[in-house]
Amino acid sequence: MTSKDRDVFGMGPATLRISRKQLHTGTRRKLQEGMQKALPKEQLGVAVLKGGEPFLIYSTDMEGIFRQESYFHYLFGVQEEDCLGAVDLQTDRSYLFIPRLPDSYAVWMGPIKGLDDYKAKYAVDEVHYTEDMERVLSELKPAALHLLCGTNTDSSIATRPADFDGMRSFNLDKSDLLFNVLTECRVRKTPEELEVMHYANQVASAAHVQVMQQIKPHMMEYAAESVFMYTAYSRGGCRHAPYTPICASGPNGSTLHYGHAASPNDREIGSNDMLLLDMGCEYYCYDSDITCSFPASGKFSEDQALVYEAVLAAHQAVLQAIKPGVSWPDMHLLAERHILAGLKEGGWLQGEVEDMLEQRVAALFMPHGLGHLLGLDTHDVGGYAPGTPPRSDKPGLRSLRTARVLEEHMVVTVEPGCYFNPFLLHPAFEDPAQGPFLNKRRLEASLGFGGVRIEDDVVVTADGARSMTNVPRAITDVEAVMAGAPWPRQPATAAQAAQPQHLTMAEQQQQSQHSGQSDTTEVDDSKDVRKPAAASSSESSGMMAGVASVVQSGIQSLGLGKK
């Protein structure tokens, strides 16, 4: 590694290389610009953030795998624990403060790096020990130290502001100003952030395809989780899952957050089961979040196809409608209309769709929100920030994790779903407002079906949207891939076959323009709907092909090979 590469993060030659200097200089500049808009110049001081701490498992000395606190990572990209950071909002100079490690650290954890090593690795202006914070910050003569004080609207948990010896000698800004400004910075992604999320989606997409091709009836649900995690880490360098994998078969698919410790993906997969697999991976703390649903048998039954097509129609309609200025609750209602229409066509519902919407019948089948902001956290920050639309009190809509109007550079998940959950349906059968719309006999026969969810990670562009996810969606494609067909489809030309394993988003867009293809969608003339274009995700062709050879020995050792 040359001296100019010392700030680069990567997990091996086949993984994405990230310039910390380029990425975090951009995010720190956004913070400075946001604070300059919020405060007069004379009131601008120094933003001070606290990094993550090691966490022990209950009363033991067993440490969990460290993952950096998201706000701190956003500004500094630091992998180590127990650090603090500061940004001078007048000059944009950055400061990293690290703990002075004991000599014994070298024995147990590895070589102790010097201050210059950290400065080169993280591309900050200055690095000091935490014991020197008061002196270093005093020399800046800041108008105030702006601390990160605020509450996450998803968890209702407050942030932990920075604290260091001598801090009380400064003018401390403990308002929510820094929190609100930094949260808004995170809502709209920089090009460098989008590149990382694009890569995490390629890895997760490839892992989902491996699961689709390897999982068979009579395996355990957790086999799907193990194949996914093995692929994401061994092929893509993604060590962390950003949330607990959901690998639900049959009736378990109606439980939205199945897979938790008390239900650890531990059911044997039945021959006629529908599978719902919601799994993502994390690279450089940026997340992907993808859900695939498909029949364990490899062939959709009539009812499975009816439900799947209803959800897919909702998914496609939302992808087509997303653009800046669109209200996210309106997108949720759009998805509900398509799901209700599909259920009516399949005989599960009766009556007028608009009347069903008025009585919130759709919330019986899709009790969760259409999707959420995505970034450094799975449910990323800013959903209900000050000045944004409030949460609805209506069933289904109140589950939305944001009610914002969409803006360019936001990343959202689009994840409509349809579930046959007895806990919701049994009371509704007797409800005078909702009961008349329900075909009780048809629904009772489907209570073991589980559910279908289809989830992509989508960037809002200047005039529409682009999905970063690349997995089979059409029923014909799903069945073909489960039968062993390659994904993406075989390249049409030798030039396409010779593409590199990883194209940047800019290269992907340029290639699409040169080939005369749309960057975002293609038209399926047979159904007159627009769907995510397979060609627009062709950059993962090499990666998909490479995954098979890398993981096959591991697959076979797990007893998951084709039978």
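Shown here for region 114-200: trypsin sites (Lys or Arg not before Pro) in loop regions (DSSP other than H, G, I, E, B) with at most 14 other Cβ atoms within 10 Å, namely Lys174. Where a Cα-Cα gap under 18 Å defines reach, which aspartates and glutamates qualify for Lys216, not counting those fewer than 8 residues away within the same chain? Cross-link targets: Glu225, Asp266, Glu268, Asp273, Asp278, Asp477, Glu479.
Here region 399-454 exposes an accessible surface that is 55 percent carbon and sulfur, computed with a 1.4 Å probe and the other protein chains kept in place.
To put it simply, the accessible area of region 287-384 at a 1.4 Å probe is 48 percent carbon and sulfur. Taking the square roots of five times each eigenvalue of the Cα gyration tensor of region 64-125, the equivalent ellipsoid has semi-axes of 23, 15, 9 Å, listed largest first.
Counting 0.36 nm for each residue step from Lys174 to Arg93 and taking away their Cα separation leaves a gain of 27.0 nm.
Local charge sum around Phe164 (other residues, Cβ-Cβ under 14 Å, Lys/Arg +1, Asp/Glu -1)? Local charge sum for Phe164: -2.
Compactness of region 155-213 was expressed as the Cα radius of gyration divided by 2.2 N^0.38 Å, which yields 1.86.
Contact order for region 243-295, expressed relative to its length and based on alpha carbon pairs under 8 Å spaced 6+ residues apart, stands at 36 percent.
Determine the share of region 127-228's accessible area contributed by carbon and sulfur atoms, expressed in whole percent, with a 1.4 angstrom probe. In region 127-228, the share of accessible area belonging to carbon and sulfur is 51 percent.
The charge dipole of region 54-195, taken about its Cα centre with unit charges on the Cβ atoms of Lys, Arg (+1), Asp and Glu (-1) only, comes to about 260 debye.
Considering only alpha-carbon pairs that sit under 8 angstrom and 6 or more positions apart, the relative contact order computed for the chain is 13 percent. A 1.4 Å probe run over region 279-363, with the rest of the protein chains in place, finds 31 Å² accessible per residue.
As a ratio to 2.2 N^0.38 Å, the alpha-carbon radius of gyration for region 1-132 is 1.16. Taking square-rooted eigenvalues a ≥ b ≥ c of the alpha carbon gyration tensor, is region 281-349 rounded, prolate or oblate, where a/c under 1.5 means rounded and, failing that, a/b exceeding b/c means prolate? Oblate is the answer for region 281-349, as a/c is 1.5 or above yet b/c matches or exceeds a/b. I'd like the FRET efficiency for Tyr222 and Phe429, computed as 1/(1 + (r/R0)^6) with the beta carbon distance as r and R0 of 35 Å, rounded to 0.05. Efficiency, from the Cβ-Cβ distance: 0.55. Is the shape of region 110-177 best called rounded, prolate or oblate, per the rule: a/c under 1.5 gives rounded, else a/b larger than b/c gives prolate, else oblate, with a ≥ b ≥ c the square roots of the Cα gyration tensor eigenvalues? Oblate shape, in that a/c is at least 1.5 and b/c is the bigger or equal ratio.
Rounded, prolate or oblate for region 1-73? Axes are the square roots of the Cα gyration tensor eigenvalues, ordered a ≥ b ≥ c, and the cut-off for rounded is a/c under 1.5.
oblate
Estimated from the Cβ-Cβ distance and a Förster radius of 56 angstrom, the FRET efficiency linking Asp103 and Arg188 is about 0.80. Using only the C-alpha atoms, the convex hull of the chain corresponds to 173 Å³ per residue. Scanning the chain for cysteines with no neighbouring cysteine C-beta under 4.7 angstrom from their C-beta gives Cys83, Cys149, Cys185, Cys247, Cys285, Cys292, Cys418.
Coupling constants for region 427-433 follow from the phi torsions by the Karplus curve (6.51 cos²θ - 1.76 cosθ + 1.60, θ = phi - 60°), and in residue order they are x, 5, 4, 9, 6, x, 8 Hz; glycine and proline get x. For region 7-45, trypsin sites (Lys or Arg not before Pro) are listed when DSSP marks them as loop and at most 13 other Cβ atoms sit within 10 Å of their Cβ; the list is Arg17. Taking Cα atoms only, the orientation of helix 20-38 departs from the longest principal axis of the chain by about 80 degrees. Each 5 Å bin from zero up to the one holding the largest Cα-Cα distance in region 201-336 carries the following percent of pairs: 2, 10, 18, 19, 19, 16, 11, 4, 1, 0. With no solvent and one equal point scatterer placed on each C-alpha of region 387-470, evaluate the Debye formula and give log10 I(q)/I(0) for q = 0.10, 0.11, 0.14 Å⁻¹, two decimals. Results for region 387-470 at q = 0.10, 0.11, 0.14 Å⁻¹ read -0.41, -0.49, -0.72. Here r is the Cβ-Cβ distance between Gln350 and Thr130 and R0 is 60 Å; the resulting FRET efficiency, rounded to 0.05, is 0.35. Rolling a 1.4 Å probe across the protein heavy atoms gives region 122-234 an accessible surface of 38 Å² per residue. What angle, in degrees between 0 and 90 and rounded to the nearest 10, separates the Cα long axis of helix 541-557 from the longest principal axis of the Cα atoms of the chain? Approximately 80 degrees, to the nearest ten. The listed peptides 297-307, 383-393, ordered by packing as a protection proxy, come out as 297-307, 383-393 (highest mean of other Cβ atoms within 10 Å first).
Over the chain, DSSP H runs of length four or greater, each weighted -39,500 (n - 2.57), average out per residue to a 222 nm ellipticity of -10500 deg cm²/dmol. Accessible surface ranking for Arg100, Arg442, 1.4 angstrom probe, highest first: Arg100, Arg442. Since only Leu75, His128, Leu101 are under comparison, the one whose Cα sits farthest along the positive direction of the charge dipole of region 1-135, derived from C-beta charges on Lys, Arg, Asp and Glu, is Leu75.
The slack between Ala262 and Arg6, meaning 0.36 nm per residue of separation minus the straight C-alpha distance, is 87.8 nm.
The values are calculated or read from the model by the stated rules, or taken from the named source; none is laboratory data. Quick caveat: nothing in here was measured; it's all calculated off a predicted structure. We place every Cβ from the backbone using ideal geometry, glycine too, and count neighbours over all the protein chains shown. Ligands, DNA and RNA are stripped out before the accessible areas are found, and what is left, the full protein with its side chains, is counted by its heavy atoms. Shrake-Rupley method; radii C 1.70, N 1.55, O 1.52, S 1.80 Å.
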